[in-house]
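Colleague: So that we are looking at the same thing, I have put the structure below in structure tokens.
The values are calculated or read from the model by the stated rules, or taken from the named source; none is laboratory data. Because the structure is a prediction, the values reported are computed rather than measured. Quick reminder, even Gly has a Cβ in these numbers, built from the backbone with ideal geometry, and neighbours come from all protein chains shown. Areas reflect the complete protein model, heavy atoms only, side chains present, ligands, DNA and RNA absent. Shrake-Rupley method; radii C 1.70, N 1.55, O 1.52, S 1.80 Å.
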Amino acid sequence: MSEYPSQLRVIEARIRVRFRLQFIKNHKRKKHLVRKLVKCGVRRQTAYREVYTRNHGRWRLAHTFGVAQAWSERWFGHRGLLTFSGESRSHWQSLKAYPRLS
């Protein structure tokens, strides 16, 4: 696994999108997905628009605002998905700590 915070952020974001994709795949019908998004706190109009009117596939739907709002970082945090990108590590140093070569 990477030791740099920016790389960890990208990796963790990708993992969350993959989880969202699986949640979308679990709902075989669009109306059940809309119902679940509304139950998770997305406005009914937003959920309907993103699922029905934007005719996207599952992967593109996993990147939309409504899905990210329903299954947010906070939602994953409450369920125990740990994030390491926000933590400071002892081996991460600022740029001033490294010697200048010029």
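Colleague: Simple spin-label model, 7 Å along Cα-to-Cβ: residue 31 to residue 73 in nm?
Modeller: Rounded to a tenth, the inter-label distance reads 3.7 nm.
Colleague: Going 7 Å from the Cα of residue 17 in the Cα-to-Cβ direction, what parts of the range 51-65 have a backbone nitrogen less than 12 Å from that spot?
Modeller: In the range 51-65, the label zone of residue 17 (backbone N under 12 Å from the point 7 Å along Cα→Cβ) covers 59-64.
Colleague: While we're here: So, with a 1.4 angstrom probe, what is the percent of accessible area on the range 21-65 that is carbon and sulfur?
Modeller: On the way: 1620 of 3350 Å².
The C+S portion of the solvent-accessible surface of the range 21-65 is 49 percent.
Colleague: Counting only other residues whose beta carbon sits under 10 Å from that of residue 73, what net charge do I get with K and R as +1, D and E as -1?
Modeller: On the way: positive: 16, 74; negative: 12.
Once positives and negatives cancel, what remains is +1.
Colleague: Which value, in Å², gives the accessible area per residue of the range 1-72 when a 1.4 Å probe is used on the protein heavy atoms?
Modeller: Accessible area per residue, the range 1-72: 69 Å².
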